[in-house]
């Protein structure tokens, strides 16, 4: 059965973005990019909130056309382009597809039953990006795995990962992986009830 997986880079103090939506502190290198390619090959659907979607849309189609881009970046751009993308937004009226940005569907409201149905269909895993969206999926009990890439930086301020959750989320560590850059990948699943 397909899994719904939350992918998120975090600072050591639990922020997924700094002030003014800054993510320049993300620790990206060749090893990180190879990991990103592995993850993209596992999913066949990417689900974004509006801000994350617009960030991705603004960068990856351009990278796909950049003759100076690394092989890894070109592969990531190709994989994202061919993967189905669902964007949740109450404010966007349309999404545009181009040669390097295809398979995009705009949805204006979160329907947990629709995602439970999608999860039960054959195919690759479903990747979630965006903190507000993650909270909606957590509340609906739909996330099967959390993959946090911990970056060795303390921001001091920014947007916390689970802002607005309003409750406890118990997790069990599945695995960890240390990257040469100092990044640490922590994979969790929801804790089983005792």
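The values are calculated or read from the model by the stated rules, or taken from the named source; none is laboratory data. Small disclaimer: the values here were computed from a predicted structure and weren't measured. Here the Cβ positions follow ideal geometry from the backbone for every residue, glycine too, while neighbour counts run over all protein chains shown.
Applying the set (1) touching a residue at least 40 places away in the same chain (Cβ under 8 Å); (2) touching a strand residue (DSSP E or B) at 6+ places or on another chain (Cβ under 9 Å) to residue 33 leaves exactly one unmet item: (2). Is it the case that residue 92 is at negative phi and more than 18 Å from the chain's Cα centre (by Cα)? It is true that residue 92 is at negative phi and more than 18 Å from the chain's Cα centre (by Cα).
Just to be sure, is residue 166 more than 16 Å from the chain's Cα centre (by Cα), surrounded by fewer than 17 Cβ atoms within 10 Å (Cβ to Cβ) and under 23 Å from residue 1 (Cβ atoms)? For residue 166, the condition - more than 16 Å from the chain's Cα centre (by Cα), surrounded by fewer than 17 Cβ atoms within 10 Å (Cβ to Cβ) and under 23 Å from residue 1 (Cβ atoms) - is not met. Give the number of residues within segment 6-36 that are in contact with a helix residue (DSSP H, G or I) (Cβ under 8 Å, 6 or more places away or on another chain), assigned to a helix (DSSP H, G or I) and crowded, with 17+ Cβ neighbours inside 10 Å. Result for segment 6-36: 1. Among the residues of segment 78-109, the ones that are within 21 Å of residue 63 (Cα to Cα), touching a strand residue (DSSP E or B) at 6+ places or on another chain (Cβ under 6 Å) and loosely packed, with under 15 Cβ neighbours inside 10 Å come to 1 in all. Listed by position, the strands (runs of 3 or more DSSP E) inside segment 128-194 whose residues that are closer than 17 Å to residue 16 by Cα, at pLDDT 95 or above and in contact with a strand residue (DSSP E or B) (Cβ under 6 Å, 6 or more places away or on another chain) number at least 2 are 145-151, 184-190.
When we screen 149, 121 for residues that are in contact (Cβ under 8 Å) with a residue 12 or more places away in the chain and more than 30 Å from residue 12 (Cα to Cα), the only hit is 121.
Residues that are buried (at least 17 other Cβ atoms within 10 Å of the Cβ) and either free of Cβ contacts under 8 Å to residues at least 60 places away in the same chain or assigned to a helix (DSSP H, G or I) (or both) are absent from segment 41-48. Where residues in segment 110-127 are part of a loop (DSSP other than H, G, I, E, B) and surrounded by 15 or more Cβ atoms within 10 Å (Cβ to Cβ), which of them is modelled with the highest pLDDT? Filtering segment 110-127 for residues that are part of a loop (DSSP other than H, G, I, E, B) and surrounded by 15 or more Cβ atoms within 10 Å (Cβ to Cβ), the one modelled with the highest pLDDT comes out as 124. Taking (1) surrounded by 19 or more Cβ atoms within 10 Å (Cβ to Cβ); (2) under 18 Å from residue 101 (Cα atoms); (3) modelled with pLDDT of 95 or more; (4) out of contact with any helix residue (DSSP H, G or I) (no Cβ under 8 Å at 6 or more places or on another chain) in turn, residue 53 satisfies each apart from (3).
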